[in-house]
Amino acid sequence: MNSVRTWVTLAALLGASAVGCSSPDPDPKVALYTSVGWNDDPGTLDAIGYQVQVDIGWPDRATDCFALSPDLNVTVNDRAPKAIVAEGCRWDVLTTFDGFLKDEPITIQLKDGARLLAEATYNRPFPGFDMQLVSPADGTVRSGEKVAVALPEPTFERPVIGAMFYWRDPPPEGVPPFHSIVHTPGARASQPIEVTAPTLTGRAWLVVTAWPYSKSMFGADASSGFESCVITNPELLSGPVAVEVVP
Amino acid sequence: MRRIQLGKTVSIPLACLATLPLGCSDDALPADTSPVLYVSATCSWNRAATSVAELGRSTHVVIDQTSRGNGGNCAPLPASTRVIVNGEPLGWGYDAETQCLKGDQTFAMAADGQSVAIEVEQDGSVIAQMQANAMAPGTKARLAAPSDGIVHPGGEILVVPPTELPSSYITIPGFYPLESGTFDAYGLNPPAASTRLADGIHVPVPTFVGRAAFVAVGTPPYVPGLVTTCDGFIECNATADNMLGPLYVTEEP
């Protein structure tokens, strides 16, 4: 994620993060902190979507600086595994997985080579997918006309900040993708949000942002091997829904 | 990305190991006297330039020490203590109240510079080091059009941004005439707003004479640097410059 995000460090979470994790007392103990958020500025089309940031830490390494296997790796669902390299006495390693565009559970696995050390599953990590397209029903909207989306019934009133169209059509080679921001004056999260389609045309993922910014924290729905594991996801952004802006 | 690196651990002397069965407790270990140091490096385009010669990027390095208890005061460091940034010494001193080391200094970056290496030496040995890379990803921006770099008043340039920087919205675009005109630290503004399209950033060209350097800032403004080494410091932070460019054009009537 390219934007400034306030990170709750793994260390700060350890005391309160035993929610939903089994404790098989592995040695060394390993903790998991997962954060989910929309990728504001993806560098490639494949990176458009939610990001899953996986912070894996060995709290005792803070004082013991014990050796770790050189074959440690982590993966999320069917994504290619990423190596875990904790240089020196570093006790946690952050890895990022891009491009989650389906309302699906995620399973995070920590392995030593091919041997599974720990895993955790979160059944509903992307609450933003609750946003629904209202009209036009097929998502095809003329430039300058309105597309309407609806958020689930909010627990409290929230002003909508605006909407963003993340353009999906392949850009020329070497050019990163981009998005267009559309303001939504007066829009409230409690009613269908009307967004004026921009002058640019093409296929896009439409997302909506609304105040206030807050994060929700949950324990894993299933886990093994992790001493603790939590996930946070922002309530700021909803979506995406697929639209196509036509002339 | 902010990274936390732990300080040095206390090693057990071999002589102590030999006596472990007889009760070699932690109390017998020498106290860890290594300084607790924080370091940060922030790369940025020089907005305080007063002339063409001062245009470019620089990196501001801040180093601070905190105490290991001791009432909040730091023990004096050896006189041989030196802080080196990309081979140049950083001037530092002591906080008047805590006697902890503190220092900050700005270092010019080479035009193609991407890395910052910081070392703390004592008695000729390196006790802490930080290496940060990718501090100026905006140098990867390229001028897609005009291909020859020759521009005309009222025309536009097409800039392809690098994938590492946000580019959907561009702020503070500026053309710095290099051969004539009154120098402005923010450069000449384009006569109209820039437009981000699928092929890149379209920037209207202002009127100037001769060669100019173009830069712009993408939003959001914060770009983390890549800390690849952080040994001996309690924490290392790096912030990369988010400026696109410079790209060079020449205006002809």
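The values are calculated or read from the model by the stated rules, or taken from the named source; none is laboratory data. Being a predicted model, the structure only gives us computed values, none of them experimental. For neighbour counting, all protein chains shown are included, and Cβ atoms are generated from backbone atoms with ideal geometry for every residue, glycine included.
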Quick count over region A:55-77, residues being away from chain B (no Cβ under 11 Å) and in a strand (DSSP E or B), is 6
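Among the residues of region B:155-188, what is the count of those that are without any contact (Cβ under 8 Å) to a residue 24 or more places away in the chain and closer than 15 Å to B:D199 by Cα? Lay out the reasoning, then the answer.
Applying the first criterion (without any contact (Cβ under 8 Å) to a residue 24 or more places away in the chain) to region B:155-188 yields B:163, B:182, B:184.
Adding the requirement that they be closer than 15 Å to B:D199 by Cα leaves B:163.
Total satisfying the criteria: 1.
Step by step: first the residues of region B:161-203, then only those that are in a strand (DSSP E or B) and surrounded by fewer than 17 Cβ atoms within 10 Å (Cβ to Cβ), then the one that is nearest to the other protein chains (Cβ to nearest Cβ). Which residue is that?
If we take residues in region B:161-203 being in a strand (DSSP E or B) and surrounded by fewer than 17 Cβ atoms within 10 Å (Cβ to Cβ), then B:L197 is nearest to the other protein chains (Cβ to nearest Cβ).
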Of the listed residues (B:A134, B:A144), the one being within 30 Å of A:P176 (Cα to Cα) and more than 20 Å from the chain's Cα centre (by Cα) is B:A144
Scanning region B:107-140 residue by residue, those among the aliphatic types (A, V, I, L, M), over 26 Å from B:L244 (Cβ atoms) and outside any strand (DSSP E or B) turn out to be none
Only unsatisfied item for A:Q132, checking (1) farther than 30 Å from A:V208 by Cβ; (2) touching a strand residue (DSSP E or B) at 6+ places or on another chain (Cβ under 8 Å), is (1)
Over region A:166-197, the set of residues facing another protein chain (nearest Cβ under 10 Å) and in a strand (DSSP E or B) is A:Y166, A:W167, A:H179, A:S180, A:I181
- State yes or no: is A:S224 under 26 Å from A:Q53 (Cβ atoms), away from every other protein chain (no Cβ under 14 Å), modelled with pLDDT of 90 or more and touching a helix residue (DSSP H, G or I) at 6+ places or on another chain (Cβ under 8 Å)? no
Restricted to region B:38-54 and to residues being out of contact with any Leu (no Cβ under 7 Å at 6 or more places or on another chain) and β-branched (V, I, T), the residue surrounded by the fewest Cβ atoms within 10 Å (Cβ to Cβ) is B:T50
Only one of (1) part of a strand (DSSP E or B); (2) within 18 Å of the chain's Cα centre (by Cα); (3) under 28 Å from B:A216 (Cβ atoms); (4) within 14 Å of chain A (Cβ to nearest Cβ) does not apply to B:D104, and that is (4)
